[in-house]
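Comments concern the structure below.
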Amino acid sequence: MSSIENINIGEIQTKELSLMYSYEDLKQEIKSSPIDYLELHKLQMKVGQLGEAYVYEQECKKLAGTKYISEIDESKASDPKNGYDILSFTREGEPLHIEVKATTGKEETFYLSNHEYQTAKKMKQTGMNYVIYFVKEVMSDNPKLTIIYDISHNKEYGFEEMSWKITKI
């Protein structure tokens, strides 16, 4: 074995390159590989759960020192019929229905189901607080949290219809 001083830098680069894929080879491999949609869905679910855990911790910090901290209910996420993920409170004790959206990236896009959107509209009409907590960079050491009030009438966000349900009649 030769010591580090005796290794030719050119040899290291050649050896390292021979072990790596070229950009074109790796791109072709990725393109030709089938997408495992089940694994992709599992990963998306874990990212969502991570976002919910992050928001739950933020709500606990926000409500520290109040009687409402013990009333935060993160179990709402386990039943999609609720249309929101966490029942929390303002520091004054008003119920706050939180839908959590999370992404590992920095993009300003998330998906809202029709049920979640209808829940937001109904709660707004009945005077209830429904907010979306959008967590970007959820895997980073410093996730970015955006709180979106009144999504059904918020001019900062645009809506694009994504799918149709088709039923034989």
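When you check Y84 against the structure, is it in contact (Cβ under 8 Å) with a residue 40 or more places away in the chain, in a loop (DSSP other than H, G, I, E, B) and within 27 Å of H41 (Cβ to Cβ), yes or no? The answer is yes for Y84.
Specify the residue that is surrounded by the fewest Cβ atoms within 10 Å (Cβ to Cβ); the eligible residues are those in the stretch 46-72 that are among the acidic types (D, E), free of Cβ contacts under 8 Å to residues at least 40 places away in the same chain and under 24 Å from N142 (Cα atoms). By that ranking, first place goes to E57. If you go through the stretch 15-34 and keep only what is open to solvent by 100 Å² or more (accessible area, probe 1.4 Å), at pLDDT below 65 and part of a helix (DSSP H, G or I), you end up with K15, E16, L17, L19.
Among residues of the stretch 122-136 that are farther than 15 Å from P95 by Cα, those with a Cβ under 6 angstrom from a residue that is among the charged types (D, E, K, R) and assigned to a loop (DSSP other than H, G, I, E, B), sequence gap 6+ or separate chain, pair up as K136/K106. The residue that is least open to solvent (accessible area, probe 1.4 Å), counting only those in the stretch 145-158 that are in contact (Cβ under 8 Å) with a residue 24 or more places away in the chain and either part of a loop (DSSP other than H, G, I, E, B) or in contact with a strand residue (DSSP E or B) (Cβ under 7 Å, 6 or more places away or on another chain) (or both), is I151. For K76, the conditions (1) in contact with a Lys or Arg (Cβ under 9 Å, 6 or more places away or on another chain); (2) at pLDDT below 95 all hold with the exception of (1). Just one residue in the set L96, L112 is modelled with pLDDT of 90 or more, outside any loop (DSSP other than H, G, I, E, B) and surrounded by 15 or more Cβ atoms within 10 Å (Cβ to Cβ); that residue is L96.
The values are calculated or read from the model by the stated rules, or taken from the named source; none is laboratory data. No experiment lies behind these values; they were computed from the predicted model shown. Glycine gets a Cβ as well: all are built from the backbone with ideal geometry, and neighbour counts include every protein chain shown. Each accessible area value is taken on the protein alone, full model and side chains, heavy atoms only, with ligands, DNA and RNA left out. Shrake-Rupley method; radii C 1.70, N 1.55, O 1.52, S 1.80 Å.
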